[in-house]
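The block underneath contains the structure these notes are about, expressed in structure tokens.
The values are calculated or read from the model by the stated rules, or taken from the named source; none is laboratory data. These numbers were taken from a predicted model, which means no experiment stands behind them. Virtual Cβ from ideal backbone geometry, glycine too; neighbours counted across all protein chains shown.
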């Protein structure tokens with residue numbers, strides 16, 4: 001199994017994509033707006049991905065946070081609020097905020113599972129600092145790490161109840177970054193003590209099934225390499241100090257924070273200790289080069305993947321509209 005989660009170009013797989021994926025056997029797939037047209041089309045697409053892989057539980061990811069990070073939207077799918085909305089309510093009514101976050105995530109999960117999507121890139125556990133880049137912005141639950149952890153935990157519970165795997169991101173924390181890692185390499189010069197704020201939510205939710213790394217350099221942890229390609233950050237901090245033992249994926253290989261060829265980027269993140277990497281663009285030539293690396297998922301990574309996919313054991317049949325209405329009543333209390 002190739003330790004890559006691939007995106008692809010359109011509403012259905014091309015013949016070339018099918019041939020490449022059949023030969024390479026990627027760990028999973030990730031969907032974007034370019035892949036999502038109608039509910040019927042999306043169900044057919046996800047069914048074809050499962051058939052092609054031969055795995056009923058093949059990870060099929062989507063980045064459906066709510067707010068400005070949403071691959072699914074009207075007219076076929078309802079809008080969902082950004083994380084900031086739950087953080088605001090938490091300031092005055094924490095119990096209501098936790099329930100709103102859980103119900104919101106359950107609604108997301110029921111909607112996604114009906115479409116054949118079984119992994120959502122949520123919750124965001126980044127704790128933004130006042131002078132950080134707004135790439136996180138309203139995606140964050142707030143600036144208090146315990147609030148972030150509590151709302152993240154409620155979100156994971158809702159996803160699980162609905163049968164969808166959650167991914168905590170961006171470990172060990174993107175909140176201090178003064179640049180967007182999609183466009184350049186952020187460097188965080190905070191001290192080791194200051195970074196405790198960033199690590200705290202991830203440490204609290206270390207039992208999460210999946211996590212996604214940050215393409216950020218933390219000079220106090222490894223001044224030479226960003227977290228995704230740093231054996232020190234992954235081995236000593238993420239696996240060691242934080243204690244995360246779930247399925248660890250590197251953020252998109254296409255981000256400009258990383259250097260070198262796509263094949264080298266893939267080698268670097270796997271060599272650093274990530275279980276798998278994301279390749280999101282759907283560019284066929286880039287995917288072919290990555291497939292040629294001959295990388296193979298380790299037995300430990302396979303075990304972590306199996307465990308992660310078994311984590312989402314809920315099968316709630318709740319009504320999405322009713323859940324959304326309950327969430328909105330709670331959010332109105334803010």
ask   = Restricting segment 22-38 to residues that are surrounded by fewer than 20 Cβ atoms within 10 Å (Cβ to Cβ), in contact (Cβ under 8 Å) with a residue 60 or more places away in the chain and within 22 Å of the chain's Cα centre (by Cα), which is nearest to residue 115 (Cα to Cα)?
value = 32
query = So which of 49, 42, 61 ends up being within 27 Å of residue 306 (Cα to Cα), assigned to a helix (DSSP H, G or I) and either at pLDDT below 95 or in contact with a strand residue (DSSP E or B) (Cβ under 7 Å, 6 or more places away or on another chain) (or both)?
reply = 49
Contacts under 7 angstrom Cβ, first residue in segment 308-332 being farther than 26 Å from residue 211 by Cα, partner modelled with pLDDT under 95 and buried (at least 20 other Cβ atoms within 10 Å of the Cβ), 6 or more apart = none
request  = State all residues of segment 122-139 that are in a loop (DSSP other than H, G, I, E, B) and surrounded by fewer than 24 Cβ atoms within 10 Å (Cβ to Cβ); if no residue qualifies, say none.
outcome  = 129, 130, 131, 132, 133, 134, 135, 136
message = Looking only at segment 4-21, count every residue that is over 22 Å from residue 249 (Cβ atoms) and under 23 Å from the mean Cα position of the chain (by Cα) and tell me the total.
response = 3
message = Among the residues of segment 81-91, are any in contact with a strand residue (DSSP E or B) (Cβ under 8 Å, 6 or more places away or on another chain), part of a loop (DSSP other than H, G, I, E, B) and farther than 25 Å from residue 249 by Cα?
response = yes
query = Do we have any residue at all in segment 290-301 that's in contact with a helix residue (DSSP H, G or I) (Cβ under 6 Å, 6 or more places away or on another chain), part of a helix (DSSP H, G or I), modelled with pLDDT of 95 or more and farther than 13 Å from residue 2 by Cβ?
reply = no
